[in-house]
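What follows is a set of notes on a single structure, which appears directly below.
The values are calculated or read from the model by the stated rules, or taken from the named source; none is laboratory data. These numbers come from a predicted model, not from an experiment. In this analysis, Cβ positions are derived from the backbone assuming ideal geometry, glycine residues included, and neighbour counts consider all displayed protein chains. Accessible surface areas use protein heavy atoms only, side chains included; no ligands, DNA or RNA. Shrake-Rupley method; radii C 1.70, N 1.55, O 1.52, S 1.80 Å.
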Amino acid sequence: MIEESSTARGGSHEFAGEPPSPARKDRAGMARTARAIVRLARAHRRLERVPTLGQVQAMAWFDGREPCSYLLDRTVNFVPEPMEFGYERELGEHALAFTCQDGYGRRMELVTMRDGGGFDLLSGIH
């Protein structure tokens, strides 16, 4: 007995019922990534260093705008205390900051570290 390969006609498909891999759900997509790269290229004068892949991916995921460098120095800028997840080693370096909106239309100003993690400057929770 041969199973029909079309799921539209009631047949089975080799990938039917398999959830997508977790890594694939976390990707921003080609269009959003390209848009983030273009925005970074246009803002190159406001960047002290080239953003890392993690920072570009975070900016693409949040559809970030107005990118700029953000010095991680408590005497100059706000940096949450304590720095979690080993981010203390990034103090004194430049992070990538950008603006975006969450799903509810609330404006956020995110500061992203080298791996893409970071904090929101406008929220009370960092």
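Out of residues 5 or more away from Gly118 or on other chains, whose amide H comes under 5 Å of its own, with H placed 1.01 Å from N in the peptide plane?
Placed amide hydrogens put Met113 under 5 Å from Gly118.
For Gly64, list long-range residues whose amide hydrogen, built 1.01 Å from N in the peptide plane, is under 5 Å from its own amide hydrogen.
HN-HN under 5 Å from Gly64: empty list.
How much accessible area does Leu53 have with a 1.4 Å probe, in Å² rounded to the nearest 10?
120
Specify, per residue and in Å³, the volume enclosed by the convex hull of the alpha carbon atoms belonging to the range 34-126.
96
What do you get for GluC sites (Glu not before Pro) in the range 55-121 restricted to DSSP loop and a cutoff of at most 11 other Cβ within 10 Å of the site's Cβ?
Qualifying residues, ordered by number: Glu84.
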